[in-house]
Structure formats: structure tokens, C-alpha cells
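Just so it is clear, none of the values below were taken in a lab; they were calculated from the coordinates. None of these values were measured; they are calculated from a predicted model. Here the Cβ positions follow ideal geometry from the backbone for every residue, glycine too, while neighbour counts run over all protein chains shown.
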Amino acid sequence: MRSKLLTLPLVLLIAALPGIADEGMWLFNRFPKEELKKKYGVTLSDDFLQHLQMSSVRFNSGGSGSFVSPDGMLFTNHHVGAECIYKVSTKEHDYVKDGFYAKSRSEEKACPDLEVNILLRIETVNDKVNAGVTPATSPAEANRLRQANISKIESDCNKATSNRCDVVTLYSGGQYDLYEYKKYTDIRLVFAPEESVAAFGGDPDNFTYPRYCLDFALFRAYENGQPVKPKHHLKWSKTGAKDGELVFVTGHPGKTDRLATVAELEFQRDVTQPYGLEILKKLGDRLLAFGATDPENKRIARDLLATVQNSFKARTGFQRGLTDAELMRLKRDAETRLRKAIADDPEKQKKFGAIWDEIEAYVKEYRTFYVDYSLFERAAAVGSEMFTLARSINRYAVEKARPNGERLREFTDAALPATEMAMYSTAPVYPALEEIVLAEWMKRMVEKLGKEHVLVARILDGRTPEEAAKYYVRGSKIADVAERKKLTASPEAVTSTDDTMIKLARLLDADGRALYKRFQDRVEAVQTSSASRIAQARFAVYGANEYPDATFTLRLTYAPVKGYVNAEGKKIPWATDFTGLYTRATGEEPFTLPPSWKKSKDALRLKTPFDFVSTADTHGGNSGSPTVNSKGELVGILFDGNIEGLPNQYLYRDKMERSVHVASQGIVEALRSVYRAHTILQEIGF
């Protein structure tokens, strides 16, 4: 999902000038109601905002959603819910390929490890987080103190409320807020269209527009065995989306870097993005080859392949922004203006003047160990369920025995329930896929560090990457949940086991922890300290009326539904329709339609709006975000952005950059005329 740009040299004054464009991933407790009223004549009441907040949900699989019925029905993207759909599928019942419709509550399929959150309240906790930190405290020690304080705040909140509690870092550390969530862990699949129409056009059409995707799915939240009765849910518009209307998008954008310095952006451009693109391309190619050998291999690789291909294309767009001379010039100009404003004030210069030198120093340090840290700790064995489980099992008992404030973050009191849910998930594990993923990771180690590297040599032990992958997968029993529970019962069970995947996790553990500590002390600590002071400097120069970078927390943005003129000068309309879908369906993958759509063509009202675009300021994590009109009625669901909008990760622009939504009237028409899903239509008010 996206961000925004002003083509003025004042681009980083966006905080102080929110009315210039419809920019902003706004916090619900700092929404610019007056700016909205001035520009659009629309007044949002506190009740309206509260209703949107309490109707919105976060899917902890990495997306957004909403309650859309009084009986706990949840609305999100097919690709957000795909992990659950994939996990409840079998060789005999492929619900990803064939779709799913539970005509009764008893037929709904329980997701094995999905958590959904509703934001209940926000509390600023700056003083509590910074307790014990003084100007004389070193960045590394300050970082440790803050993390220990955060763990305590979250634990205290969890014990007092039984809710999920997360301390959120905002404005690069300039502010800390405690977010308290109601969480639901009994989530069941109600409806999913076939993947071929949900993701019509596949990877070629991903991050493009015009689009023809029915990218939605329906779930239901349960508590104590009964459907949840939410106090708030969104009602569907009877007319649907319209060209030019003002819409509101509420969701959980992942991570943006609009407040990053030029040095940090150059590090991404030169190191992190090229590295990520390389490994994603190789893994994607290997998964494609694996899937081409057998239909079942294609099925079991499908979910991971989709994630890899999506990530690769997104990173391609991010890198395009970082190599865009104009974008980088605007970032440099804005940074120069801020630094000059600080230098012109002796007090500000004394307080903030050295920040950029500190950032350049930490970036230089990070360059020296980024690859090792990524390979062995930060992103070790990407895509391997078995290694992820083995690492959690290996660290579980050790971390639980430590004081809460000294544990790794995923094992703190507040984070432990989510870690345990993932660790004991009943989702299937596929050894053949595991061998492919592990072999690719080990090849990458050899390519980047060489066979002679001490840790690489220890892991391979004279084997080729393919041989080593088979050894570690085939000698492990942790695909069995009962085996995982036996191992986590005590530290002795882990240290004494001969399970090969646990052995692999143990081989990496000491080096991984050392690299993580180096990252915390020499990178994260300095980054947090300097970034928070830059935020303070910006407040001092420009004022405090700005939105923070995205943090996978609830935000609200507003914008018109609006077409555009593309780079070739072609006018791109605000919406597509079903006629365009059938025209683009060539019969060759990924432009094939499922049988249900082929036989229903004559029943469909073909001119019904299907997908549409807006200038909404959204980003990855907003997938599944409900799109509502000024009455709060559901008119769509956000599922993507066009390729032009990907550099909005760093700077917002809205000339050609667009967010892409499925129109609510297109969804209703499909449910009515293709799927005959009358029970669902009745539940959502049709």
C-alpha cells in the first residue's frame, strides 16, 4: 500500500501543512477533523471515529479487516486470509483453488493459528518507557532500560485486563503509546472465492491497474464457542462506490520510512533492498520449479510462492523510488532545510546538531554485519516452518526462566501467548517444501560467506546444501505438535534431544544471539536515540501537527475516488467492471476464470463496478482495510496499490499513485449471481 508526495520543495513540511494534500496515516486520537472540514465540508464526530475504530480489526497474519455483521462476521482480503485457507485445505479439498462457502455455522472451518485484534484504548506512556534514562545514559543502556520498561508496562496491562497490550513506538521514538486490544483466537472461515478470481492476473497484474480481482474473504470470530456479538460493525452501502466521492480507509499500514534520513535511505538503496531482491528472486524461481513438477507440489508451495512474489515486486517498487533522482533530491533538500533551521538557532544546534553524524556512524557499522545478521538471526531460513518452530522451541524454556524485562521480545509475558499459539499450531508442515527452502538458505550462506566460514562449515558438516537440508528435515519430528509440547516441557528435553532441526537451531543460537545483541547495542540503540531527537527537532521547527510513520497500528486516511492519466498519457478510469474481467480472461494462466464464473456470465450485471482506485494514503498492512463513505457505509475493501505508488513508502505523491479497492457493489453482485450465497447476503443486509 501507499504514501504521498508534494512536488514542492516544502515536501517534508507535510506535518505542518496537512491541508495541501490528502496525505496522512492519521492516529485516531489525532485525526485532523478541522482540516477535513475546511477542504471537504465534512464534519466527523467523535462517535463516528469511535464507531470506525471499534468496527476495525487487525489480522495478525499481516493485514486489516472489519466486523460487518452483528454475528461476528469478519471482512478482509482473500490474500490476507489465504494462510488460513491454505492451512485448512488438504490434497482432497483445495479451498484455495476451488473456493469455500459454509452454508451453516457448523460448516465453518477453524483457522489453526489466527489472531484478530480490536483496538480498545490508547494511553501515552512516555514517562514510564523512559524511566531511568537520563541525558548521560549511553544509547545501548538506554535501549535496554526502555525495552525492560516496555515489557513491564505490557505485562502489567495484560495482567490487569487479560487483553493484548502493546507499547507502540511513534515518531521514531518521540512518543510511546500503550495500545490495549481485545483479541480473538477462535476465527473460522465462512467464505472464500476461488484464487483464480480473487487474484486474477496473478503476479503479472500484481501492483498494477486496471485490475479485475475479487480479493475478499469472510471469517467469523467466536468466543467461548459462540459467535462474537460486536458492539460495532459496518453496514454495507446499498449503492456502493462512486466516482469522485470522499472515502475513508481505516486499517493497519505496516512500516513506512518517510521520516528516515538520507543516509538511512541510501543504506536501503545500496544494501538492504538489493539483498532482499536477490534472495526473493532465487527462492521464487526455485518454488516455481518445484511446483511445476507435480500438482500437489504446486498446491503446497502456493502460499509461500505468492508471499515471495508479492514481496519481490513490492521491493522492486521501493527500490525504484530510492533510485529516483527527483525523489532523493526532494529528500535531501528537505533534510538540508531542517538542518539549516537547527544550525541557525544556537540552542537547537547544541541539542540536535550532531544527530545526523550519529546516524551515519550507525549505518556504517550496520553495513559491516548486515548479511551475517540477516542470514543467521534476523531472517534465517526464510519460509521454513520447521526452522521457525525449532528456534522457538530451542529458546522457549530458557527465555521463560529469565526475568520478563531481560527476555527476547517474542518471549515476554505480553508476547508469549502469540508465540505459543504459533508454536503449537496444528497447521500442516510439508517436508518436501521444507527441504527446498532450507537448501536455498544454505546456498545463500555459501554464496555470501563461503564454505570456509566457521558457522557455515558447522551447519553443512561436509554436505552440499541439498544434502544438509534433507538431513535436517528428515531427522526431525517437530512437524508433530505432540513432539513440540514434549520438547518445550523443560530445558533438559531440548538439550538432550537428537532431533536434527533442534540441533540446527542450537548451532545458530549463540551466534544469532550475539549478532542480535550487536544490532541492539550498535544499531537499534543509536537509531532509536537519534531518530527520537530528530522527531523532537521537527516538532521544535515545524510544530507537532503531523502523523507518525506507519507501525502496523490502526490509522485513518481520507481521499477521493479518482482515476488518473498514466505515464503514456492514457486516461485510466476510476473503476473497472465485469465486462473488462471477461475481456481480459484469455484462458491462459493467470488469466483464467473458474467454472463458476464461466457459467454465470449471463446472470451477471456486467457493467457493475468491480475494482476502483482512490488517492488514499495506504501501505502494506492496509490490505483488507474497509473503505467507507462519509456516512460510515461500506463501499469497498482495499487490496493493493499500483506500481507507481510503491515509492510512497518514502514520500507521498498522488499524480498517478493510487490505492486499489474492490467495490462493494461488485462483491454483492458476485455473491448474488455467481455464488448464490443467500445466507451471507442476508446477514450483511441484502
TODO: With unit charges on the beta carbon (Lys/Arg positive, Asp/Glu negative), name the residue among Thr134, Asn158, Ala148 whose Cα is farthest towards the positive pole of the charge dipole of region 120-184.
DONE: Asn158
Open item on the list: What are the ³J(HN,Hα) couplings of region 126-133, residue after residue, when phi is run through the Karplus curve with 6.51, -1.76, 1.60 and θ = phi - 60°? Round to Hz, x for glycine and proline.
Closed with: 3, 5, 5, 5, 8, 4, x, 8
Open item on the list: Checking the a/c ratio against 1.5 first, then a/b against b/c, what shape does the Cα gyration tensor give for region 370-521?
Closed with: oblate
Task: Vicinal HN-Hα couplings computed from phi for region 253-264 (Karplus, 6.51 cos²θ - 1.76 cosθ + 1.60; Hz; Gly/Pro x) - done: x, x, 8, 10, 10, 6, 9, 5, 7, 4, 4, 5
Open item on the list: Please state the shape class of region 547-686: rounded when a/c is under 1.5, otherwise prolate if a/b exceeds b/c and oblate if not, all from the C-alpha gyration tensor.
Closed with: oblate
Open item on the list: Let me see the P(r) profile for region 262-371: every Cα-Cα distance counted, bins of 10 Å, each bin given as a percent of all pairs.
Closed with: 13, 28, 26, 17, 10, 5, 2
Open item on the list: Run the lone-cysteine check on the chain: no other Cys C-beta under 4.7 Å from the residue's C-beta.
Closed with: Cys213
TODO: Give, rounded to the nearest 20 debye, the magnitude of the charge dipole that region 120-184 has about its Cα centre when Lys and Arg contribute +1 at Cβ and Asp and Glu contribute -1 at Cβ.
DONE: 220
Open item on the list: Going Cα to Cα from Lys599, which lysines come in below 20 Å? Please leave out same-chain ones fewer than 8 positions away.
Closed with: Lys97, Lys607
- [ ] Taking H placed 1.01 Å from N in the peptide plane, check which residues at least 5 places from Thr627 or on another chain put their amide H under 5 Å from its amide H.
- [x] Val635, Gly636, Ile637, Leu638
Task: Lys/Arg +1, Asp/Glu -1 at C-beta; region 361-447 dipole; positive extreme among Ser384, Pro431, Ala418 - done: Ala418
Open item on the list: Give me, ordered by chain and number, the residues 5 or more places off Gly641 or on other chains with an amide H under 5 Å from its own placed amide H.
Closed with: Phe207, Val660
- [ ] Obtain the nm distance between the two label points defined at Val565 and Arg329 by a simple spin-label model: each point lies 7 Å from its Cα along the Cα-to-C-beta direction.
- [x] 2.1
Task: Anisotropy class of region 120-184 from Cα gyration tensor, a/c 1.5 cut - done: prolate
- [ ] Using θ = phi - 60° and the Karplus relation 6.51 cos²θ - 1.76 cosθ + 1.60, list the HN-Hα couplings for region 580-585 in order, rounded to whole Hz, with x at every Gly or Pro.
- [x] x, 4, 5, 5, 7, 6
